[in-house]
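None of the figures in this text is laboratory data; all of them are computed from the coordinates on show. Predicted model only: the values in this text are computed from it and were never measured. Note that each Cβ is placed from the backbone with ideal geometry, even for glycine, and that neighbours are counted across all protein chains shown.
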Amino acid sequence: MPPIHKGRFTAKIDGDFVVFIIGMRINYFLLPHKWMPVAAAMPRMLRELAKHPEMGLLDASAYLGGRTLMTIQYWRSFEQLHAYAHAKNLEHLPAWAAFNRRVGGNGAVGIFHETYLVKNGAYECVYANMPQFGLAKAGEMLPAIGRLQSAKSRLGEVDSVVSPQ
């Protein structure tokens, strides 16, 4: 179990980065031959990416909620994410082709992804009494003190104090 960091922390990552959310929804539990291969594909891709950090994946965490399996990924750049998705010799493209052959439009399994391009400094986060998590795991975890104490100041905005007149 990862250690708990007591107190308030934030995260820093140098430069632009990408948040990529990808997942699947099991629409028909009684068709496991349709959804199990889809569910098995992501762990293979994540193992492949973990062996090759030069491909650009900074961190990934998987979540299960009801019928939905989801992975939140942090990438160094959209170009690296796109290159991985379209590489013929890597895990993603064959998995995508297999999904379209096996499932396609039959409705047994739904899939989704969302891609967010994050500009340098255009984010803020806070973690209290947490293990290293999310952006703090993909980047650097820092104590949320001084100018990193409030959401506004983490975003580079000055907290204004109105003095009584």
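Summary table
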| quantity | calculated |
| --- | --- |
| Whole-percent pair-distance distribution, where bins are 5 Å wide, for the alpha carbons of the range 17-118 | 2, 13, 23, 25, 19, 12, 5, 1 |
| Chymotrypsin sites (Phe, Trp or Tyr not before Pro), loop per DSSP, at most 16 other Cβ atoms within 10 Å - longest free stretch of the chain | 30-165 |
| Ellipticity estimate at 222 nm from DSSP helix runs (n ≥ 4, -39,500 (n - 2.57)) divided over the chain, nearest 500 | -8500 deg cm²/dmol |
| 5 angstrom amide H check on Leu58, placed H, neighbours 5+ away | Tyr74, Trp75, Arg76 |
| FRET E, pair Tyr28, Lys152, Förster distance 41 Å, beta-carbon r, rounded to 0.05 | 0.30 |
| Crossing angle, helix 92-102 versus the chain [Cα axis fit, 0-90 degrees, rounded to tens] | 50 |
| Karplus-derived 3J(HN,Hα), 6.51/-1.76/1.60, for each residue of the range 65-77, Hz, glycine and proline x | x, x, 8, 10, 10, 9, 10, 9, 10, 10, 10, 5, 7 |
| Computed over the chain: relative contact order in percent, which uses C-alpha pairs under 8 Å that are six or more apart | 42 |
| Cross-link table Lys34/Lys137; Lys6/Lys137; Lys88/Lys119; Lys6/Lys119; Lys88/Lys137; Lys51/Lys137, entries beyond 24 Å C-alpha to C-alpha | Lys34/Lys137; Lys88/Lys119; Lys6/Lys119; Lys88/Lys137 |
| Gain on full stretching of the segment that runs from Arg102 to Lys88 - 0.36 nm per residue minus C-alpha separation | 3.1 nm |
| Folded to 0 to 90 degrees: helix 32-51 orientation relative to the chain principal axis, Cα | 50 |
